[in-house]
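For reference, the structure discussed in these notes is given below.
The values are calculated or read from the model by the stated rules, or taken from the named source; none is laboratory data. What you are looking at is a predicted structure, and each value in this text was computed from that prediction instead of being measured. All Cβ positions, glycine included, derive from the backbone under ideal geometry; neighbour counts span all protein chains shown. Side chains included, ligands, DNA and RNA excluded: accessible areas come from the protein's heavy atoms. Shrake-Rupley method; radii C 1.70, N 1.55, O 1.52, S 1.80 Å.
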Amino acid sequence: KNEVEQSPQNLTAQEGEFITINCSYSVGISALHWLQQHPGGGIVSLFMLSSGKKKHGRLIATINIQEKHSSLHITASHPRDSAVYICAVAGSQGNLIFGKGTKLSVKP
Amino acid sequence: DAGVIQSPRHEVTEMGQEVTLRCKPISGHNSLFWYRQTMMRGLELLIYFNNNVPIDDSGMPEDRFSAKMPNASFSTLKIQPSEPRDSAVYFCASSSQDGYGYTFGSGTRLTVV
């Protein structure tokens with residue numbers, strides 16, 4: 001069993017829809033990261049969470065430490081949000097363990 | 001800040017050749033990480049350094065891979081000899097020791113033919 005599980009693997013949405021990507025993990029963590037990677041592109045850190053909720057623009061990330069679960073929400077989705085979203089958990093030294101990613105496609 | 005700088009962006013080399021990938025972390029960051037991304041395996045940690053000292057190299061595939069961090073502003077990942085299965089995108093990342101400011105470089109796309 002993978003230490004970090006994401007769902008869904010692939011997601012297609014219409015522009016304007018509310019999107020949720022889920023992440024569950026089975027190891028002890030110091031923090032959880034949500035990353036974004038555009039096709040052929042680099043990796044951008046969207047959020048680092050150790051508790052509660054963070055919001056940046058149309059993006060919201062939540063984490064429940066007791067349930068070992070995190071969600072990434074995108075409100076009013078737009079085609080430019082199309083990318084792979086990766087959940088990664090950080091060990092005590094900061095090294096990341098990655099989920100396999102969720103490929104999001106937002107259609108106009 | 002220019003972010004984490006990796007070079008080269010692309011490298012094509014013949015099997016058996018030595019390959020050296022370079023990384024300049026963000027100034028002031030104490031931790032540096034080397035990751036590899038392939039279609040089959042996704043993103044994997046190869047090795048990471050705290051304060052220039054290698055902490056965990058258990059992700060390094062085999063003895064053909066080596067990494068150094070001679071000072072706080074420079075790290076190298078070397079593959080010798082290279083093999084076609086080493087073809088991947090290699091990312092360097094840096095952060096402060098508590099994990100804040102985690103930043104990835106643009107990656108080096110390595111193709112071994």
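Things worth noting here:
- On inspection, B:LEU46 passes the criterion of being under 26 Å from A:PHE47 (Cβ atoms), open to solvent by less than 20 Å² (accessible area, probe 1.4 Å) and in contact with a strand residue (DSSP E or B) (Cβ under 8 Å, 6 or more places away or on another chain).
- Tabulated pairs, the range A:36-56, first within 11 Å of chain B (Cβ to nearest Cβ) and within 16 Å of A:ALA88 (Cα to Cα), second surrounded by fewer than 18 Cβ atoms within 10 Å (Cβ to Cβ) and charged (D, E, K, R), C-beta under 6 angstrom, 6+ apart or interchain: A:PHE47/A:LYS54
- Considering residues of the range B:101-113 that are assigned to a strand (DSSP E or B) and at the interface with another protein chain (Cβ under 8 Å from one of its Cβ atoms) only, the residue most open to solvent (accessible area, probe 1.4 Å): B:THR103
- If only residues of the range A:3-29 that are among the β-branched types (Val, Ile, Thr) and open to solvent by less than 40 Å² (accessible area, probe 1.4 Å) are counted, the one that is nearest to the other protein chains (Cβ to nearest Cβ) is A:VAL4.
- Scanning the range B:32-72 for residues that are of a type in the set (Ser, Thr, Tyr) and either more than 14 Å from chain A (Cβ to nearest Cβ) or not in a strand (DSSP E or B) (or both) yields B:SER58, B:SER66.
- Index of the failed condition, A:PHE98 passing every other in (1) without any contact (Cβ under 8 Å) to a residue 24 or more places away in the chain; (2) open to solvent by less than 40 Å² (accessible area, probe 1.4 Å); (3) not hydroxyl-bearing (Ser, Thr, Tyr): (1)
- Qualifying position, being touching a residue at least 24 places away in the same chain (Cβ under 8 Å) and farther than 22 Å from A:TRP34 by Cα, among B:GLN80, B:GLN97: B:GLN80
- Residue ID - nearest to the other protein chains (Cβ to nearest Cβ), chosen from residues in the range B:10-31 that are assigned to a strand (DSSP E or B) and open to solvent by 20 Å² or more (accessible area, probe 1.4 Å): B:HIS10
- Yes/no for A:LYS68 being surrounded by 12 or more Cβ atoms within 10 Å (Cβ to Cβ) and free of Cβ contacts under 8 Å to residues at least 40 places away in the same chain: no
- Only strands (runs of 3 or more DSSP E) whose full extent lies in the range A:1-98 are considered here, and the ones with at least 3 residues that are within 17 Å of B:ALA93 (Cβ to Cβ) are A:31-37, A:43-49, A:83-90, A:96-98.
- For the range A:71-95, taking the residues that are buried (at least 20 other Cβ atoms within 10 Å of the Cβ), closer than 19 Å to A:ALA31 by Cβ and not hydrophobic (A, V, I, L, M, F, W, C), the one that is farthest from the other protein chains (Cβ to nearest Cβ) is identified as A:TYR85.
- Filtered residues of the range B:92-113 (kept if among the polar types (S, T, N, Q) and within 17 Å of A:PHE98 (Cα to Cα)): B:SER94, B:SER95, B:THR103
- Candidates B:ASP56, B:ASP98, B:ASP63 - the one that is over 11 Å from the mean Cα position of the chain (by Cα) and either of a type outside the set (Asp, Glu) or open to solvent by less than 80 Å² (accessible area, probe 1.4 Å) (or both): B:ASP56
- Being surrounded by 15 or more Cβ atoms within 10 Å (Cβ to Cβ), without any contact (Cβ under 8 Å) to a residue 60 or more places away in the chain and within 12 Å of another protein chain (Cβ to nearest Cβ) holds for only one residue in A:LEU59, A:LEU32, and it is A:LEU32.
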